[in-house]
Amino acid sequence: RTLMHHKRWATMGLNSIIGEARARIPSDDWMLVLMLLDHIQIVDDIFRHHLEGRPHCYSSVRSETLPSFEALASNAGATADWYVRYVDALGPDRLDEQVSFNFINGQRAHMTRSQMLLHVATHAAGHRGQIALLLQKNGLAPFSDRLTDFFDAQEAKRSNALPSQVIP
């Protein structure tokens, strides 16, 4: 649960930084940023389909035509929200359920729901790190997305909330 809440927070923070810094990122690096965001989104969506037990339409982990940043950011936000709702509703007894699916290359795979969620979280984290390097290369500060930063942000949110407010 924590990893998916962290992933949503980190995704939204990164996309905010990228949106603000867009004009300062050279076109070759901008293309790499878009390619990484697209790849993260497709893998997230593929695993969402696996978790739902539905087929997906992907034949590659990259789009043939790169979507715009706005489309990628919007889709990433909606997907992150889906994962948070999914884990919040998922009973602990279902975490160890095996899910069978095929990778894009046709190879058969079996993972537990918790392994799939861990994969989605760590896969995105690795690529966020690549994007952070591209931002730093261009003199831009990346979003601080460490788990400790997330915990601090959650604590600050709780401290500022009224006792009757519910914090997601």
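Just so you know, all these numbers are worked out from the coordinates, no wet-lab data involved. Everything numeric here is computed off the predicted structure, so don't read it as measured data. Here the Cβ is made from the backbone with ideal geometry for all residues, glycine too, and neighbour counts use every protein chain on show.
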Exercise for the section: Taking every pair of alpha-carbon atoms in region 69-168, give the share separated by more than 21 Å as a whole percent. Expected result: 56 percent
Problem - Gyration tensor (alpha-carbon) shape descriptor, region 1-82, a/c threshold 1.5 - result: oblate
Handout entry: Long-range HN-HN contacts of THR112 with modeled amide H, under 5 Å
Key = VAL99
Exercise for the section: Kindly rank 142-152, 18-28 from highest to lowest mean number of other beta carbons found within 10 Å of each residue. Expected result: 142-152, 18-28
Completion exercise
With T = 10 °C, eta = 1.306 mPa s and Kirkwood Rh from C-alpha pairs, the Stokes-Einstein D of region 64-109 in µm²/s is about 118 µm²/s
Completion exercise
Given 60-73, 125-138, the highest-first ranking by average Cβ count within 10 Å works out to 125-138, 60-73
Completion exercise
Applied in sequence order to region 135-141, the curve 6.51 cos²θ - 1.76 cosθ + 1.60 (Karplus, θ = phi - 60°) yields integer Hz couplings, x standing for Gly and Pro, of 5, 4, 4, 9, x, 10, 7
Problem - Inter-site label distance for LYS157 and SER16 at 7 Å from Cα along Cβ, in nm - result: 1.1 nm
Practice task
Grab the alpha carbons of the chain, take their convex hull, and tell me the volume per residue in Å³.
Solution key: 128 Å³
